[in-house]
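Notes to accompany the following structure.
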Ligand code: GDP
């Protein structure tokens, strides 16, 4: 593996090298991890600290809300305005099912053929922690290659939204027109981490639907005030139509406003804190893996399981047994 050549290719923004580098950082093989570390260190050393930071945006919402259609629309508008746009995904469902909820890149048909865009489907690296690690590193590669906007798409599976919120500057939540009781269906946690909310599928061609979306946006804004109180940043709730592209630019403006609100120092601080949180998340994930694969733990696992299921062992005692097996080496 010629890391120096790879770095040079990335710096020149060559797609083949960018793709190879992302494959490298996604790999869990020990010799690849070693090369990936070298690659990322070299990239970090060569980064101009005074250069403007890329805009990192997380985009979430339930399957069918229109995430990929929205990204196709927004991404196309951005590349046409001269931006270089990378699209990454965090889809832990692909780990379990082998198929992914987010699907593949062919969904963003126009954007994927644009020379200013680079779309990469979610890695399927074993765990959410593994996927997050790979995605965060892919983001570094894309930014070193000159992509100034990185969009990270995710579905609301388990902790994936929180994980993505922890690696982006601005978190955009897409939802559909819901009112009253339906609002309850929105995971409360998401309202706590969203920086911008857009009620999607408000097509101008369908005035009734558009009106419904506006009403829903107002209700949602009200609900948000209850959840977030008088926090410094009140997430704007806007409407848009990813399919027609209507008011997608307004969503982008709101993302810009959120960035301005953070300011340069605020953004730098947010990123630094994210790095620290991510460090511990990676350590926890690694420890979890070690625990699962530990020979001593595996040796007593079946017995402990049977004892707990049979009512012969309480959970705290069972946990002690497993931890003792782990500590014994
Ligand atoms: P995802 O699962 O969140 O990525 O959703 P998709 O982007 O695949 O969209 C799901 C379906 O909703 C597709 O049939 C889209 O054509 C449709 N859709 C997406 N955005 C809009 C929109 O703004 N208006 C309308 N009417 N349909 C949309």
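The values are calculated or read from the model by the stated rules, or taken from the named source; none is laboratory data. Source: prediction; values computed, not measured. We place every Cβ from the backbone using ideal geometry, glycine too, and count neighbours over all the protein chains shown.
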- Look through region 48-97, keep the residues that are touching a strand residue (DSSP E or B) at 6+ places or on another chain (Cβ under 9 Å), within 12 Å of the ligand (Cβ to nearest atom) and assigned to a loop (DSSP other than H, G, I, E, B), and return whichever of them is nearest to residue 138 (Cα to Cα). 91
- Taking residue 273 as the residue in question, decide whether it is more than 30 Å from residue 323 (Cα to Cα), exposed (fewer than 14 other Cβ atoms within 10 Å of the Cβ) and not assigned by TED's automatic domain parsing to the domain that holds residue 162. yes
- Scan region 171-190 and give yes if some residue there is modelled with pLDDT of 95 or more and farther than 18 Å from residue 247 by Cβ, otherwise no. yes
- Message: Can you report the number of residues in region 191-216 which are at pLDDT 90 or above and surrounded by fewer than 21 Cβ atoms within 10 Å (Cβ to Cβ)?
- Response: 13
- For region 23-63, what are the residues that are under 30 Å from residue 254 (Cβ atoms), in contact with a helix residue (DSSP H, G or I) (Cβ under 6 Å, 6 or more places away or on another chain) and without any contact (Cβ under 8 Å) to a residue 60 or more places away in the chain? none
- Message: Residues that are on the phi > 0 side of the Ramachandran plot and surrounded by fewer than 23 Cβ atoms within 10 Å (Cβ to Cβ): does region 38-59 have at least one?
- Response: no
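Do any helices (runs of 4 or more DSSP H) lying entirely in region 197-310 carry at least 1 residues that are within 16 Å of the ligand (Cβ to nearest atom), and which ones are they?
207-228, 248-293
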